[in-house]
Each structure stands twice: as structure tokens, then as C-alpha cells.
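Bear in mind these aren't lab numbers, they're just calculated from the coordinates by the rules spelled out. As the structure is a prediction and not an experimental result, all values here were calculated from the model. Using ideal geometry, Cβ is built from the backbone for each residue, glycine included, and neighbour counts are taken over all protein chains shown.
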Amino acid sequence: MSLHVANGRWVVWLSLLVAMMFQIMPLPGLVEAWRPDWLLLVIIYWAMALPHRYNILTAWVLGVLLDILLGATLGIRAFAMSIVVYVVVLHFQRLRNFPMWQQALLVATQVALYNLIVFWVQFVTGTASFDITLFYPAFSCLIMWPWIFWILRRVRRLYKVR
């Protein structure tokens with residue numbers, strides 16, 4: 001195992017840790033509804049870039065950790081993240097070749113799917129009611145995706161993550 005490959009792994013896990021911190025960071029009430037799903041954006045990037053290394057299992061583990069940190073029902077976000085990352089890994093070669101605006105639309109669709117799955121499971125368990133603010137993170141992720149993609153691509157190339 002080369003030193004660069006080992007270094008690349010810590011860079012990926014560090015980016016996931018930073019995304020997890022952004023995900024649980026408290027925000028004012030007006031901005032809270034528009035919070036992008038940082039962790040989901042970062043795991044979507046790494047699943048598109050390195051699907052053989054960061055895939056459904058990674059998404060499930062991070063989803064369980066997010067459920068624990070948020071104090072939510074265990075497994076809801078893990079289930080939703082796993083489904084979204086499964087779709088991304090299934091079509092990663094096609095997604096890589098899309099122009100940035102199309103990637104952003106598809107990522108926003110995946111974030112909306114994630115939020116709908118989380119809502120559906122919470123609704124079935126009796127802890128949620130529908131609100132239009134459910135889709136606000138998809139719009140903010142639509143705007144944030146090109147920036148996340150650009151930053152993580154630069155980090156990936158700088159540290160030679162493979």
C-alpha cells in the first residue's frame with residue numbers, strides 16, 4: 001500500500017467529518033429550514049468519484065452516526081442515505097459525464113428523495129407531519145453542489161485520492 005493511497009483515505013474521512021459537523025451545527029430558526037444536507041452532498045461526491053471505495057456501506061454507517069448525533073430514530077437516515085447512494089453508485093459513470101447544471105439538478109432530486117424517505121419513515125412511525133419546508137434543502141443543495149464538487153475535486157487532485 002502506497003503512502004499516497006493511505007493519505008487519500010484520511011482526506012476523505014476528514015471531509016466526511018467536516019460535513020457531519022456542518023450537518024449538526026446549530027443554526028438560527030430562519031436559516032435552519034434551508035440547511036443543505038452537507039453529509040449527503042459529500043457522500044454523493046465520493047460515491048461518484050470512488051464508488052468502489054465509498055458506497056452503500058459507508059452511507060449506512062454515516063447515516064447511523066447522524067441518527068445518533070441528532071437523537072433520531074435509529075436507522076432512518078441510514079436507510080435513506082443507503083438508497084440515495086445506491087442510485088448514485090448504480091449510475092456513477094453516467095453522472096460523471098453530465099454537465100454541472102444537470103448534475104446539480106440530479107443531486108437536488110436525490111436530496112429530495114432522501115428527505116421524502118426520511119419523512120415517510122417518520123410519518124409511518126407517527127412522528128412527522130408534511131410541510132413544504134421539507135423541500136428547502138433540495139433547493140439549497142442545488143445551489144451548493146457546484147461549489148462542493150469543485151472544492152472536493154481540488155482536494156482529491158491535490159492529495160491524489162484514489
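For LEU40, indicate whether it is surrounded by fewer than 14 Cβ atoms within 10 Å (Cβ to Cβ), of a type in the set (A, V, I, L, M) and at negative phi. No; evaluated as a whole, the condition is false for this residue. No other residue among ALA72, ALA49, ALA108 is buried (at least 19 other Cβ atoms within 10 Å of the Cβ) and of a type in the set (A, V, I, L, M) apart from ALA108. Residues of the stretch 108-162 that are among the basic types (Lys, Arg) and part of a helix (DSSP H, G or I): ARG153, ARG154, ARG156, ARG157.
For LEU39, which of the numbered conditions (1) within 16 Å of MET144 (Cα to Cα); (2) touching a Ser or Thr at 6+ places or on another chain (Cβ under 8 Å); (3) among the aliphatic types (A, V, I, L, M) fails to hold? Unmet for LEU39, out of (1) within 16 Å of MET144 (Cα to Cα); (2) touching a Ser or Thr at 6+ places or on another chain (Cβ under 8 Å); (3) among the aliphatic types (A, V, I, L, M): (2).
Within the stretch 102-121, identify whether any single residue is aromatic (Phe, Trp, Tyr) and touching a residue at least 60 places away in the same chain (Cβ under 8 Å), and answer yes or no. Yes, the stretch 102-121 contains a residue that is aromatic (Phe, Trp, Tyr) and touching a residue at least 60 places away in the same chain (Cβ under 8 Å). Applying a threshold of 8 Å to beta carbon distances and a minimum spacing of six or more residues, or different chains, the list of pairs starting in the stretch 145-159 at a residue that is surrounded by 11 or more Cβ atoms within 10 Å (Cβ to Cβ) and ending at one that is β-branched (Val, Ile, Thr) reads TRP145/VAL107; ILE148/VAL42; LEU152/VAL42; VAL155/VAL11; VAL155/VAL161; ARG156/VAL11; TYR159/VAL11.
So, GLN93, is that one surrounded by fewer than 20 Cβ atoms within 10 Å (Cβ to Cβ) and touching a residue at least 40 places away in the same chain (Cβ under 8 Å) or not?
no
Being aliphatic (A, V, I, L, M), farther than 19 Å from ASP67 by Cα and free of Cβ contacts under 8 Å to residues at least 24 places away in the same chain is a property that ILE132 has.
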